[in-house]
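Participant: This is the structure I want to talk about, given as structure tokens.
The values are calculated or read from the model by the stated rules, or taken from the named source; none is laboratory data. From a predicted model like this one, the values you see are computed outputs, not experimental measurements. Ideal geometry is used to build each Cβ from the backbone, glycine not excepted, and the neighbour counts take in all protein chains shown.
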Amino acid sequence: MNPIGVVGAGVMGVGVAQNLAQTGHDVILVDVNEQILASALTRITLNCRMSRLTGGPAVDPAEVLARISTAVGVEALAEVDYVIENVPEDWELKREVFSSLDKACKLDTVFIVNTSAIPITRVGAISSRPERVIGVHFMNPVPMKPAVELIPGVHTSAETVERTRALLAAMGKHAVDVKDSCGFISNRLSHVFMNEAAFLVYEGVASAEAVDEVFRSCFGHPMGPLETADLIGVDTVLDSIEVIYQHYRDSKYRPCPLLMQMVDAGQRGRKAGRGFYDYTGGNRAA
Amino acid sequence: MSVFEQDQILAFIRDRYPQAEIEATDDIFGLGYVNSLFAMELVMFVEKTFGVAIPNDELRIENFQTAAVMAELVQRLAPSPAGAGI
């Protein structure tokens, strides 16, 4: 089998590349510069080391890394059968990437859009091969999550759906079928939870800790919505809820002003050391 | 077992879950306190605080189930009485 192209070496791209390599696939991981790619390989090594501690199998980092090559620019993906794209949820960026991929890849390459919110049919429309464009919403951390959302666009062919389902099965993933609709199942639900949780804090109804405690202790979720927002990144959550709001123009998705203020203040969550919680001391505090 | 390491590890865990009454021999994995992120934070905390490098084959749940066994792991990896880098 040809290597699989993975575009974007951020959190999701790293998870997808690791998952593919762990399941015996060769991978070409692409991003815009060597520095990002080097840090992606470091992250993959760390994730592999942590696998058993997080309930996964024993994973040899050296074996996984041996299956992953890296490249700057999509030209390296000319001959791959599948590309899994994982760039940020920014429409202009997606447009640019898919336009380049369309020129770089052979005609029967399947383009898999890893997105949590962007309509697949719209991505298909950029490409000269809308029948080979399909959405897969991978969950984080990718190697640990047993299921994904599988989203054909209006023009996606049955063959593309089956080829993608086969690749996902080979990655150990069960595909949940969802029609093309902004936010699919997962983000329509999760972002309303996170946004409304932010409103509870914004309105002074409850503290972030109290909101998360209800989710953990009363609903039995492993994490509350605000610690989840900190983990995902407050800016990413805001971008996604904004995409959903702009798409449906329904006020139930209006972004909480607190999210906007936090992003303006640089309180972008765990990665910034401060979000709904403070992470600067190494430990978390409200 | 070192009370010194154990207390610091326990303080780190309790700080994260201030509302839970976690003891040194409580199984934090079995009690559901450890998600993938907290597991990584635990490993990084232990490595940084005590100046040890945990080999890949020691990174398994049995070595991180309780503050007490984590302290034993630190002792095995760095038998000096005081941790480094504190």
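Participant: Could we say that A:Ile112 is among the hydrophobic types (A, V, I, L, M, F, W, C) and part of a strand (DSSP E or B) here?
Facilitator: Working: among the hydrophobic types (A, V, I, L, M, F, W, C): yes; part of a strand (DSSP E or B): yes.
In short, yes.
Participant: Does the stretch A:145-166 hold any residues that are out of contact with any strand residue (DSSP E or B) (no Cβ under 6 Å at 6 or more places or on another chain) and either among the hydroxyl-bearing types (Ser, Thr, Tyr) or part of a helix (DSSP H, G or I) (or both), and which are they?
Facilitator: Correct list: A:Ser157, A:Ala158, A:Glu159, A:Glu162, A:Ala166.
Participant: Would you check if there is a residue in the stretch B:65-72 being within 10 Å of chain A (Cβ to nearest Cβ) and free of Cβ contacts under 8 Å to residues at least 12 places away in the same chain?
Facilitator: Just the residues of the stretch B:65-72 that are within 10 Å of chain A (Cβ to nearest Cβ), to begin with: none.
The answer is no, given that none of the residues of the stretch B:65-72 is within 10 Å of chain A (Cβ to nearest Cβ) and free of Cβ contacts under 8 Å to residues at least 12 places away in the same chain.
Participant: Has the stretch A:235-253 got at least one residue that is within 14 Å of chain B (Cβ to nearest Cβ), touching a residue at least 12 places away in the same chain (Cβ under 8 Å) and more than 18 Å from the chain's Cα centre (by Cα)? Show your work before the answer.
Facilitator: Here is the first cut: in the stretch A:235-253, the residues within 14 Å of chain B (Cβ to nearest Cβ) are none.
Looking through the stretch A:235-253, none of the residues is within 14 Å of chain B (Cβ to nearest Cβ), touching a residue at least 12 places away in the same chain (Cβ under 8 Å) and more than 18 Å from the chain's Cα centre (by Cα).
Participant: Of everything in the stretch A:167-197, what is in a helix (DSSP H, G or I) and either within 26 Å of A:Val27 (Cα to Cα) or among the hydroxyl-bearing types (Ser, Thr, Tyr) (or both)? Give them in sequence order.
Facilitator: At the first step, the residues of the stretch A:167-197 found to be in a helix (DSSP H, G or I) are A:167-170, A:186-197.
Those that are in a helix (DSSP H, G or I) and either within 26 Å of A:Val27 (Cα to Cα) or among the hydroxyl-bearing types (Ser, Thr, Tyr) (or both): A:Leu167, A:Leu168, A:Ala169, A:Ala170, A:Ser186, A:Ser190.
Participant: Scan the stretch A:261-268 and give yes if some residue there is farther than 23 Å from B:Tyr17 by Cβ, of a type outside the set (Ser, Thr, Tyr) and touching a residue at least 60 places away in the same chain (Cβ under 8 Å), otherwise no. Steps first, answer last, please.
Facilitator: Start the filter on the stretch A:261-268 by keeping residues that are farther than 23 Å from B:Tyr17 by Cβ, which leaves A:261-266, A:268.
Then drop every residue that is not of a type outside the set (Ser, Thr, Tyr), which leaves A:261-266, A:268.
Of the ones still in play, those that are also touching a residue at least 60 places away in the same chain (Cβ under 8 Å) are none.
Checked the stretch A:261-268: no residue is farther than 23 Å from B:Tyr17 by Cβ, of a type outside the set (Ser, Thr, Tyr) and touching a residue at least 60 places away in the same chain (Cβ under 8 Å).
Participant: Further question: Failed condition for B:Ile54, given (1) under 20 Å from A:Met50 (Cβ atoms); (2) in contact (Cβ under 8 Å) with a residue 24 or more places away in the chain; (3) not charged (D, E, K, R), with all others met?
Facilitator: The one condition B:Ile54 does not meet is (2).
Participant: Another one. Could you count how many residues in the stretch B:43-60 are buried (at least 17 other Cβ atoms within 10 Å of the Cβ) and within 8 Å of chain A (Cβ to nearest Cβ)?
Facilitator: 4
Participant: Would you point out the residue of the stretch A:213-227, among those that are within 11 Å of chain B (Cβ to nearest Cβ) and either touching an Asp or Glu at 6+ places or on another chain (Cβ under 6 Å) or of a type in the set (S, T, N, Q) (or both), that is surrounded by the fewest Cβ atoms within 10 Å (Cβ to Cβ)?
Facilitator: A:Ser217
Here's the yes/no breakdown for (1) within 18 Å of A:Leu168 (Cα to Cα); (2) not acidic (Asp, Glu):
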{"site": "A:Gly73", "(1), (2)": "no, yes"}
{"site": "A:Val80", "(1), (2)": "yes, yes"}
{"site": "A:Glu85", "(1), (2)": "yes, no"}
{"site": "A:Leu93", "(1), (2)": "no, yes"}
{"site": "A:Val97", "(1), (2)": "no, yes"}
{"site": "A:Val113", "(1), (2)": "yes, yes"}
{"site": "A:Ser116", "(1), (2)": "yes, yes"}
{"site": "A:Pro119", "(1), (2)": "no, yes"}
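Participant: Same structure again: Anything in the stretch A:179-208 that is free of Cβ contacts under 8 Å to residues at least 40 places away in the same chain and either crowded, with 17+ Cβ neighbours inside 10 Å or touching a strand residue (DSSP E or B) at 6+ places or on another chain (Cβ under 6 Å) (or both)? List them, or say none.
Facilitator: Hits for the stretch A:179-208 are A:Ser190, A:Phe193, A:Ala197, A:Leu200.
Participant: For the condition acidic (Asp, Glu), over 15 Å from A:Val7 (Cα atoms) and assigned by TED's automatic domain parsing to the domain that holds A:His25, what is the one hit in A:Asp90, A:Asp108, A:Asp102, A:Asp81? Step through it out loud before you land on a result.
Facilitator: On the way: A:Asp90 fails: over 15 Å from A:Val7 (Cα atoms); A:Asp102 fails: over 15 Å from A:Val7 (Cα atoms); A:Asp81 fails: over 15 Å from A:Val7 (Cα atoms).
That would be A:Asp108, the only listed residue that is acidic (Asp, Glu), over 15 Å from A:Val7 (Cα atoms) and assigned by TED's automatic domain parsing to the domain that holds A:His25.
Participant: Of all residues in the stretch A:25-40, which are without any contact (Cβ under 8 Å) to a residue 40 or more places away in the chain and either of a type outside the set (Ser, Thr, Tyr) or within 14 Å of chain B (Cβ to nearest Cβ) (or both)? Lay out the reasoning, then the answer.
Facilitator: Step one: filter the stretch A:25-40 for residues without any contact (Cβ under 8 Å) to a residue 40 or more places away in the chain, giving A:33-40.
Hits for the stretch A:25-40 are A:Asn33, A:Glu34, A:Gln35, A:Ile36, A:Leu37, A:Ala38, A:Ala40.
Participant: Out of the residues in the stretch A:41-66 that are facing chain B (nearest Cβ under 10 Å) and not in a helix (DSSP H, G or I), which is surrounded by the fewest Cβ atoms within 10 Å (Cβ to Cβ)?
Facilitator: This residue is A:Ala58.
Participant: When both residues are 6+ apart or on different chains and their Cβ atoms are under 9 Å apart, which pairs have a first residue that lies in the stretch B:1-23 and is within 13 Å of chain A (Cβ to nearest Cβ) and in a loop (DSSP other than H, G, I, E, B), and a second that is of a type in the set (Asp, Glu) and surrounded by 16 or more Cβ atoms within 10 Å (Cβ to Cβ)?
Facilitator: B:Pro18/A:Glu209; B:Gln19/A:Glu209; B:Ala20/B:Asp26
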